[in-house]
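Written below as structure tokens is the structure these notes are about.
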Amino acid sequence: MTPDINPVSKPDFMPVEELRALQLAKLQKLIPYEYEHVALFRRRCDEKGVKPRDLVTLKDLAKFPFMKKTDLRDEYPYGLTAAPMREINRFHCSSGTTGKPICIPQTKGDLEVWTDGAARCLAMYGITADDIVQVSYGYGLFTGGLGAHQGAERLGCAVLPTGAGNTEKQIMLMKDLNVTVICCTPSYFLHLATVAEKMGVDFRRDTKLKHGVFGAEPWTDEIRAKIEQISGITAHDIYGLTEISGPGVAGNCAFCHGMHIWEDHFYPEIIDPDTLEVLPDGEEGELVFTTLDRFGTPMVRYRTRDLTRLQLGQCKCGRTMRVMDRVHARSDDMLIIHGVNVFPSQIEACLMKVPEIAPHYMIELSSTDTMDLFELKVEVTAETFSDSVSAMEAVRKRVAASIKEIVGLSPKIYLVAPGTLPRSQGKIKRVIDNRKK
């Protein structure tokens, strides 16, 4: 049966053979362009003894060098820019909290590709021109706000550009303007829900919300279930990163437990993060992207550090674009505690198994001369905090048992009152690592 395809979503269903031919044609244009205009890429190709003409098949991409975030910082601001400045329309930058920011100059065409990807994600979620979209991602240098905004406007939606912050006003506008879609980080939506409850606002009863578009930070199935339970909305994934494109690189359909990658714009690979060998579909490793249509700051084989896999087989929705698993962790977010590899998302999954626990926690690491110290602060629900000391202790023991079973570690656990831990209007910071380096 041929799916009902609107014009925005038509490329999603491209025949696989046609898609692979398109990818190869775009790569055979991109690689020589990058080689000619970006000195770092040219030097690395020469060191590996590989030339643009060596790209004959898609598998030949594996011969070419990787790019990584440190390249963007080392070459800041224009060392990786391929287009002349007269063609640059906009800059987006990272926060630069670990040193120099990354800077991504983008051409008008680059922005069109980004907008196309975001619009296709929103259309896939069932969002239409009849929807009112509240964008509560941060605007400015961060790609979240403008990415969701551009995609929604491309679909013809009315957009409420609230940005992050001023939470009580956001909830008021959400009610008064009959907002049907909210775009923000999952942690900020949980913060919105907490503030709404204090205001006496019930998302199910008092708003028209139907969809939530969440990205910019890893989140678990347990958090998804929590969001949907408290709000009645359908929670959707949207994936992107400043280095490749803002939100709109991939998103989930109604059938897949994962996200369709818009492969006509972004070519994915999965590599072993240790050996750097390309892995076949179905095996988990580090996600690598090549931008097929970006010419301001093109990225060839960019190592995202996101851990995932490309699923086998075609999705039931009929889309031919491959599905990547939801990103559960990043290789550079991995914590090594007492010799054990731990991801914050594992801790989160353990906590969500305990119903008395609120979805807010903080991991604090420190060290003595001989050992690591692992502390975990966890908020409990208001009802639990008002219970007896013995009831709180019973909850603490269940949290400890869940973490011990899944992670194999026994942190020192502190149960704290609701609203105690800091909130974030952007990407939430879950880990404070004060260990001696």
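The values are calculated or read from the model by the stated rules, or taken from the named source; none is laboratory data. Every value quoted in this text rests on a predicted model; they were computed, and no experiment measured them. All Cβ positions, glycine included, derive from the backbone under ideal geometry; neighbour counts span all protein chains shown. Each accessible area value is taken on the protein alone, full model and side chains, heavy atoms only, with ligands, DNA and RNA left out. Shrake-Rupley method; radii C 1.70, N 1.55, O 1.52, S 1.80 Å.
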Fill in the blank from the handout: The residue from VAL389, VAL380 that alone is in contact with a helix residue (DSSP H, G or I) (Cβ under 7 Å, 6 or more places away or on another chain) and among the β-branched types (Val, Ile, Thr) is VAL380
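Under the condition of being under 30 Å from TYR267 (Cβ atoms) and not in a loop (DSSP other than H, G, I, E, B), which residue from segment 313-345 is most open to solvent (accessible area, probe 1.4 Å)?
Taking segment 313-345 and keeping what is under 30 Å from TYR267 (Cβ atoms), we get 313-334, 341, 343-345.
Of the ones still in play, those that are also not in a loop (DSSP other than H, G, I, E, B) are 323-324, 329-330, 341, 344-345.
Working: VAL323: 11, MET324: 0, ALA329: 5, ARG330: 53, ASN341: 89, PRO344: 25, SER345: 26 Å².
Restricting to residues being under 30 Å from TYR267 (Cβ atoms) and not in a loop (DSSP other than H, G, I, E, B), the top hit is ASN341.
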Fill in the blank from the handout: By residue number, the members of segment 366-397 that are in contact with a strand residue (DSSP E or B) (Cβ under 6 Å, 6 or more places away or on another chain) and under 25 Å from LEU190 (Cα atoms) are GLU375, LEU376, LYS377, VAL378, GLU379, VAL380, THR381, MET392, ARG396
Completion exercise
Taking first residues from segment 334-350 that are within 17 Å of LYS412 (Cα to Cα) and second residues anywhere that are among the hydroxyl-bearing types (Ser, Thr, Tyr), the pairs with Cβ under 6 Å that are 6 or more apart or on different chains are GLU348/THR220; CYS350/SER402
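Restricting to segment 228-273, and then to whatever is free of Cβ contacts under 8 Å to residues at least 24 places away in the same chain and either basic (Lys, Arg) or touching a strand residue (DSSP E or B) at 6+ places or on another chain (Cβ under 9 Å) (or both), can you tell me which residue is nearest to LEU310 (Cα to Cα)? Working first, answer last.
As a first pass, look at segment 228-273 and keep what is free of Cβ contacts under 8 Å to residues at least 24 places away in the same chain: 228-229, 272.
Checking which are either basic (Lys, Arg) or touching a strand residue (DSSP E or B) at 6+ places or on another chain (Cβ under 9 Å) (or both) leaves us with 228, 272.
Values: GLU228: 26, ASP272: 13 Å.
Going through the qualifying residues, I end up with ASP272.
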Practice task
Kindly check whether there is at least one residue in segment 103-123 that is part of a loop (DSSP other than H, G, I, E, B) and either within 30 Å of HIS191 (Cα to Cα) or open to solvent by less than 50 Å² (accessible area, probe 1.4 Å) (or both).
Solution key: no
Completion exercise
Going through (1) buried (at least 20 other Cβ atoms within 10 Å of the Cβ); (2) touching a helix residue (DSSP H, G or I) at 6+ places or on another chain (Cβ under 8 Å) one by one, TYR188 fails only at (2)
Exercise for the section: Mind counting the residues in segment 161-177 that are under 22 Å from the mean Cα position of the chain (by Cα) and either more than 27 Å from PRO101 (Cβ to Cβ) or at pLDDT 95 or above (or both)? Expected result: 2
Handout entry: Where a residue in segment 177-199 is within 15 Å of PRO418 (Cα to Cα) and its partner, wherever it lies, is basic (Lys, Arg) and open to solvent by 10 Å² or more (accessible area, probe 1.4 Å), with Cβ under 6 Å and at least six apart
Key = HIS191/ARG423
Exercise for the section: State whether one or more residues within segment 86-101 are assigned to a loop (DSSP other than H, G, I, E, B), at pLDDT below 95 and touching a Phe, Trp or Tyr at 6+ places or on another chain (Cβ under 6 Å). Expected result: yes
Handout entry: Inter-residue pairs, beta-carbon under 7 Å, first over 8 Å from LEU40 (Cβ atoms) and in segment 70-84, second among the polar types (S, T, N, Q), 6+ apart
Key = THR81/THR297; ALA82/THR297; ALA83/THR107
Exercise for the section: Go through the residues of segment 49-63 one by one and say whether even a single one is open to solvent by less than 80 Å² (accessible area, probe 1.4 Å), part of a helix (DSSP H, G or I) and among the hydroxyl-bearing types (Ser, Thr, Tyr). Expected result: no
Practice task
Run GLY165 past the list (1) open to solvent by less than 20 Å² (accessible area, probe 1.4 Å); (2) in a loop (DSSP other than H, G, I, E, B); (3) within 28 Å of SER94 (Cβ to Cβ); (4) touching a helix residue (DSSP H, G or I) at 6+ places or on another chain (Cβ under 9 Å) and report the number of the one that doesn't hold.
Solution key: (4)
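Against the definition (among the small types (Gly, Ala, Ser), modelled with pLDDT of 95 or more and under 27 Å from CYS253 (Cβ atoms)), how does ALA129 come out, yes or no?
On the way: among the small types (Gly, Ala, Ser): yes; modelled with pLDDT of 95 or more: yes; under 27 Å from CYS253 (Cβ atoms): yes.
Spelling it out, ALA129 is indeed among the small types (Gly, Ala, Ser), modelled with pLDDT of 95 or more and under 27 Å from CYS253 (Cβ atoms).
Filter segment 157-176 for residues that are free of Cβ contacts under 8 Å to residues at least 24 places away in the same chain and touching a Ser or Thr at 6+ places or on another chain (Cβ under 9 Å) and give the result.
Restricting attention to segment 157-176, the residues satisfying the condition of being free of Cβ contacts under 8 Å to residues at least 24 places away in the same chain are 166, 169, 172, 176.
Listed by number, the list holds a single entry, LYS169.
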Completion exercise
Flagged in segment 351-364 as surrounded by fewer than 18 Cβ atoms within 10 Å (Cβ to Cβ) and either farther than 24 Å from ALA225 by Cβ or among the aromatic types (Phe, Trp, Tyr) (or both), in numbering order, are GLU364
Exercise for the section: Test each condition in (1) in contact with a helix residue (DSSP H, G or I) (Cβ under 8 Å, 6 or more places away or on another chain); (2) farther than 27 Å from CYS317 by Cα for PHE142 and report the one that comes out false. Expected result: (1)
Practice task
Filter segment 190-211 down to residues that are in contact with a Ser or Thr (Cβ under 7 Å, 6 or more places away or on another chain) and not in a helix (DSSP H, G or I) and give me whichever is nearest to GLY240 (Cα to Cα).
Solution key: HIS211
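Counting just the residues of segment 212-237 that are in a strand (DSSP E or B) and among the β-branched types (Val, Ile, Thr), which one comes out surrounded by the most Cβ atoms within 10 Å (Cβ to Cβ)? Steps first, please.
From segment 212-237, those in a strand (DSSP E or B) are 212-214, 234-237; that's our starting set.
Right, trim to among the β-branched types (Val, Ile, Thr) and you get 213, 234.
Details: VAL213: 28, THR234: 16.
The selected residue is VAL213.
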Handout entry: Where a residue in segment 99-124 is β-branched (Val, Ile, Thr) and its partner, wherever it lies, is in a helix (DSSP H, G or I) and at pLDDT below 95, with Cβ under 7 Å and at least six apart
Key = ILE102/LYS69; ILE102/LEU72; ILE102/ARG73
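I'd like to verify a number: residues in segment 4-45 that are polar (S, T, N, Q), outside any loop (DSSP other than H, G, I, E, B) and open to solvent by 60 Å² or more (accessible area, probe 1.4 Å), how many? Break it down stepwise before answering.
Restricting attention to segment 4-45, the residues satisfying the condition of being polar (S, T, N, Q) are 6, 9, 23, 28.
If we keep only those that are outside any loop (DSSP other than H, G, I, E, B) as well, we get 9, 23, 28.
Still in the running and open to solvent by 60 Å² or more (accessible area, probe 1.4 Å): 28.
Selection size over segment 4-45: 1.
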Exercise for the section: Determine which member of the set GLU348, GLU383, GLU393, GLU379 is charged (D, E, K, R), part of a helix (DSSP H, G or I) and open to solvent by less than 20 Å² (accessible area, probe 1.4 Å). Expected result: GLU348
